[in-house]
1. What are the pairs, 6+ residues apart or on separate chains, where a residue within segment 29-40 that is touching a residue at least 40 places away in the same chain (Cβ under 8 Å) and buried (at least 20 other Cβ atoms within 10 Å of the Cβ) has its Cβ under 6 Å from a residue that is part of a loop (DSSP other than H, G, I, E, B) and among the charged types (D, E, K, R)?
2. Quick one: in segment 101-118, which of the residues that are open to solvent by less than 60 Å² (accessible area, probe 1.4 Å) and within 16 Å of residue 48 (Cβ to Cβ) is nearest to the chain's Cα centre (by Cα)?
3. Considering only segment 59-93, how many residues are in a strand (DSSP E or B), open to solvent by 40 Å² or more (accessible area, probe 1.4 Å) and within 25 Å of residue 134 (Cβ to Cβ)?
4. Filtering segment 73-90 down to residues that are modelled with pLDDT of 95 or more and away from the ligand (no atom under 11 Å from the Cβ), which residue is farthest from the chain's Cα centre (by Cα)?
5. Within segment 132-139, does at least one residue satisfy the condition of being at pLDDT below 95, outside any strand (DSSP E or B) and either surrounded by 18 or more Cβ atoms within 10 Å (Cβ to Cβ) or among the charged types (D, E, K, R) (or both)?
6. Filter segment 52-85 down to the residues that are touching a residue at least 40 places away in the same chain (Cβ under 8 Å), small (Gly, Ala, Ser) and under 27 Å from residue 113 (Cβ atoms) and list them by number.
7. Of all residues in segment 41-58 being under 11 Å from the mean Cα position of the chain (by Cα) and open to solvent by 10 Å² or more (accessible area, probe 1.4 Å), which is farthest from residue 95 (Cα to Cα)?
8. From 35, 27, which residue is modelled with pLDDT of 95 or more, away from the ligand (no atom under 15 Å from the Cβ) and either touching a Gly at 6+ places or on another chain (Cβ under 6 Å) or not in a strand (DSSP E or B) (or both)?
Amino acid sequence: MTEPAMTERAVTERTGGCLCGAVRFVVRGRLREVVFCHCSQCRRQTGLYYASTNAAREDLAITGEAEITWYGSSAHGKRGFCRHCGSALFWSYEGAQGISIQAGAFDQPSGLQPGYHIFTADKADFYTIDDGLEQFARGRAGLTTDG
Ligand SMILES: [Zn+2]
């Protein structure tokens, strides 16, 4: 059974990093579908909206972790970005088992799948959401600490 196990591990290994390359990461494990968050915080940080997957913290290995600046954007949430190039990379919620990772930071092909939209009530007025994915005006039950 050694060979099938190795094959499975290779398939589920995903890599990514920031624009300048100072921060690189590997996820070995399951990745959540991509959630698109249109809240005002995500809008201001990214210029549009936050598209993130989520991984178990123990499945994420980061190279160049010292190059990440963490900004506390709320009482329990913080946003990690590369201090050199400014790339938004992570969203972490205190006490959550998972950590959110910007979907766009993954090397392509990412293998990620689109999920749904949240906080659409707060989205900017210069674009429409018409991709057919489910939309939630606020958050979604069960996502608060795992988003
Ligand atoms: Zn960078």
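1. Listed by first residue and then by second, the contacts come to 38/123.
2. 102
3. 2
4. 78
5. yes
6. Hits for segment 52-85 are 52, 55, 56.
7. Per the criteria, the residue is 51.
8. The unique qualifying residue is 35.
The values are calculated or read from the model by the stated rules, or taken from the named source; none is laboratory data. Because the structure is a prediction, the values reported are computed rather than measured. Cβ sites come from the backbone with ideal geometry, for glycine too, and all protein chains shown count toward neighbours. For accessibility, only protein heavy atoms count, side chains too; no ligands or nucleic acids. Shrake-Rupley method; radii C 1.70, N 1.55, O 1.52, S 1.80 Å.
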